[in-house]
Amino acid sequence: LEELERKASRLQELCPTHLCPIGREAQRTLRVWAELRELLQETRAHVQQAGRLRHFFKDYLAMM
């Protein structure tokens, strides 16, 4: 992502009139990437919670 940002900035410096769409597309890509990272963090949290529940029920069944 950092590389994409650097290249997009460099391209806009070289040819700013032609690269407005590229700059917008780069920003869109960065936004989508940030959203994906957030979803990944949420998924990891859910997986951890499911693991804790599984462990709890496994222990509960062992007590029976």
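The values are calculated or read from the model by the stated rules, or taken from the named source; none is laboratory data. Predicted, not measured: the structure shown is a model, and the values here were computed from it. Note that each Cβ is placed from the backbone with ideal geometry, even for glycine, and that neighbours are counted across all protein chains shown. Just so you know, the surface numbers come from the protein's heavy atoms only, side chains and all, with ligands and any DNA or RNA stripped out. Shrake-Rupley method; radii C 1.70, N 1.55, O 1.52, S 1.80 Å.
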Seminar exercise, completed: Of the listed residues (L39, L61), the one being among the hydrophobic types (A, V, I, L, M, F, W, C) and either open to solvent by less than 100 Å² (accessible area, probe 1.4 Å) or modelled with pLDDT under 85 (or both) is L39
Exercise. Which one of E25, E3, E13 is acidic (D, E), surrounded by 10 or more Cβ atoms within 10 Å (Cβ to Cβ) and at pLDDT 75 or above?
Worked result: E25
